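Enquirer: I have a structure here, written as structure tokens, and I will follow up with some questions on it.
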Amino acid sequence: MTITKEAFSLATIKDVARLAGVSPSTASRVIHDSPLISDPTKQKVRAAMKKLDYSPNFTAQNLANQKTNMIGIVLPLTSQRVVDDPFFLKIIQGITQVCNHHDFLVLLAAGRTSQELLQNVQAMIKRGNIRNFIFTYSSEQDPVLRFVSDQPDINCVLIGKPSGDESAVIKYVDNDNVQAGSDAAWFLLSRHFNNLAYVYTDLRQVVQNDRYWGAKQAIEAIPAKSLVCLKLTLDDYGYNRRAFQKFLKHNQQIDGFIACDDAVGVRLQQLLKITQTSKKKYGLICFNNSIFSRISHPSLTSVEVFPLQLGERAALLTLGLAKKDPDFSTIVAHKIIERNSTKG
């Protein structure tokens, strides 16, 4: 069988128009769901698109029409964190589900450093004419967010609460992480774990900081009680082990831990198994309720924060569709899922 060059050619808007028996401008209006085009005509054009396997070139349209059919998803700096953590994959899934339904494409912006990430975002704006961005994280004094929010005619939505003065100008969706932190602390206290520590990696991350303050307020509401802190890293096992051993030596009263997320909770659980020399029972609760918490041994009690819903609502807010939903809220509820790590 001879494979011709034509077999590899991609259908154009003119091919669609010719097959449907309409003008290219009419076919283009159907693609953009113009109310000026009748339903029978739309059906003919869409049937032609399906037969020809036609996909609109959104990038070319963006540049030609100064309009955008794309949303840029800005990921955290450590790309490996995104690959390893189901939380971010669920957020991306929620965003793409909404965008696909409304004929929007998504592009991912990632980088190992702030400068690299900034350059990628700048290229998306300049070369792809992208005017809608969703940030999947919130961090204090983030140069990338500052750049995007300062640009004219750029629509920016944040997953996570903005820090400082940015909260007045940036749209966002989030959980009530202060309340979630408080609920996690009270949950451990109700299970008779009375001396608690908060374990984090970076309090410049607004989510981690909010969860800390919520837990701190709950603990300090009890006379003579205070919340102590332990900092771990995501990739330095030697540091984590030394820091944890030193922490236990100086905080022997601790019997319960609140980990800022499931990934940190698993690392903490491993450290407890390796360094614990007594039969003391520790309670452990974390956040995100990912697969990490379910397959750990013992399984981890976790605060479900519904990342799929966070992604969906961020996309609806970005596309201007939130106002059409009477039940829409920028705050997604949370729920504690108890497992073996907090049972006596």
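The values are calculated or read from the model by the stated rules, or taken from the named source; none is laboratory data. Please read all numbers here as calculations on a predicted model, not as lab measurements. No Cβ is skipped: glycine too gets one built from the backbone with ideal geometry, and neighbour counts run over all protein chains shown. Ligands, DNA and RNA are stripped out before the accessible areas are found, and what is left, the full protein with its side chains, is counted by its heavy atoms. Shrake-Rupley method; radii C 1.70, N 1.55, O 1.52, S 1.80 Å.
Enquirer: Could you go through the range 67-87 and let me know if any residue there is more than 19 Å from Asn132 (Cβ to Cβ) and at pLDDT 90 or above.
Expert: Within the range 67-87 (the criterion being more than 19 Å from Asn132 (Cβ to Cβ) and at pLDDT 90 or above), the answer is yes, since at least one residue qualifies.
Enquirer: Which residues, counting only those in the range 277-317, are of a type in the set (A, V, I, L, M, F, W, C) and open to solvent by 10 Å² or more (accessible area, probe 1.4 Å)? Write out each step before concluding.
Expert: Step one: of the range 277-317, the residues of a type in the set (A, V, I, L, M, F, W, C) are 284-287, 291-292, 295, 300, 303, 305-306, 308, 310, 314-317.
Across the range 277-317, the qualifying residues are Ile291, Phe292, Ile295, Phe306, Leu308, Leu316, Leu317.
Enquirer: Also, I was wondering about something else. Search the range 223-271 for residues being charged (D, E, K, R) and touching a residue at least 40 places away in the same chain (Cβ under 8 Å), and hand back the single one that is farthest from Val178 (Cα to Cα). Walk me through it before giving the result.
Expert: Residues of the range 223-271 charged (D, E, K, R): 225, 231, 235-236, 241-242, 246, 249, 255, 261-262, 267.
Of the ones still in play, those that are also touching a residue at least 40 places away in the same chain (Cβ under 8 Å) are 255, 261-262.
On the way: Asp255: 22, Asp261: 14, Asp262: 17 Å.
Selected residue: Asp255.
Enquirer: Among residues belonging to the range 215-254 that are among the charged types (D, E, K, R) and touching a Leu at 6+ places or on another chain (Cβ under 8 Å), point out the one that is nearest to Pro86 (Cα to Cα).
Expert: So in the range 215-254, the residues among the charged types (D, E, K, R) come out as 216, 220, 225, 231, 235-236, 241-242, 246, 249.
Cutting the leftovers down to touching a Leu at 6+ places or on another chain (Cβ under 8 Å) gives us 216, 220, 241.
Working: Lys216: 27, Glu220: 33, Arg241: 25 Å.
Selected residue: Arg241.
Enquirer: Under 7 Å between Cβ atoms, which residue pairs at least 6 apart in sequence (or on different chains) link something in the range 26-38 that is under 18 Å from Phe104 (Cβ atoms) with a partner that is open to solvent by 60 Å² or more (accessible area, probe 1.4 Å) and assigned to a loop (DSSP other than H, G, I, E, B)?
Expert: Cβ pairs passing all conditions: Arg29/Leu36.
Enquirer: For Leu227, state whether it is closer than 15 Å to Cys286 by Cβ and either surrounded by fewer than 18 Cβ atoms within 10 Å (Cβ to Cβ) or touching a helix residue (DSSP H, G or I) at 6+ places or on another chain (Cβ under 9 Å) (or both). Lay out the reasoning, then the answer.
Expert: On the way: closer than 15 Å to Cys286 by Cβ: no; either surrounded by fewer than 18 Cβ atoms within 10 Å (Cβ to Cβ) or touching a helix residue (DSSP H, G or I) at 6+ places or on another chain (Cβ under 9 Å) (or both): yes.
No: the conditions fail for Leu227.
Enquirer: Name, by its number, the condition in (1) of a type outside the set (A, V, I, L, M); (2) at pLDDT 85 or above; (3) assigned to a loop (DSSP other than H, G, I, E, B) that does not hold for Arg18.
Expert: (3)
Enquirer: Cβ-Cβ distance below 6 Å, separation of 6 or more or different chains: which pairs start in the range 40-53 with a residue that is under 15 Å from Arg29 (Cα atoms) and open to solvent by less than 60 Å² (accessible area, probe 1.4 Å) and end on one that is part of a helix (DSSP H, G or I) and not basic (Lys, Arg)?
Expert: These pairs meet every condition: Lys42/Val30; Val45/Ala20; Val45/Ala27; Val45/Val30; Ala48/Val16; Ala48/Leu19; Ala48/Ala20; Met49/Val16.
Enquirer: Mind checking which pairs have a first residue in the range 321-332 that is within 14 Å of Val173 (Cα to Cα) and a second that is of a type outside the set (D, E, K, R) and in a loop (DSSP other than H, G, I, E, B), Cβ under 6 Å, 6 or more apart or different chains?
Expert: Ala322/Phe328; Val332/Phe306
Enquirer: Moving to a separate point now. If Thr201 meets every condition in (1) among the hydroxyl-bearing types (Ser, Thr, Tyr); (2) farther than 26 Å from Cys99 by Cα; (3) open to solvent by 50 Å² or more (accessible area, probe 1.4 Å) apart from one, which number is that one?
Expert: The single condition Thr201 does not satisfy is (3).
Enquirer: State yes or no: is Asp33 within 23 Å of Glu312 (Cβ to Cβ), among the acidic types (Asp, Glu) and either out of contact with any strand residue (DSSP E or B) (no Cβ under 7 Å at 6 or more places or on another chain) or modelled with pLDDT under 85 (or both)? First the steps, then the outcome.
Expert: Values: within 23 Å of Glu312 (Cβ to Cβ): yes; among the acidic types (Asp, Glu): yes; either out of contact with any strand residue (DSSP E or B) (no Cβ under 7 Å at 6 or more places or on another chain) or modelled with pLDDT under 85 (or both): yes.
Spelling it out, Asp33 is indeed within 23 Å of Glu312 (Cβ to Cβ), among the acidic types (Asp, Glu) and either out of contact with any strand residue (DSSP E or B) (no Cβ under 7 Å at 6 or more places or on another chain) or modelled with pLDDT under 85 (or both).
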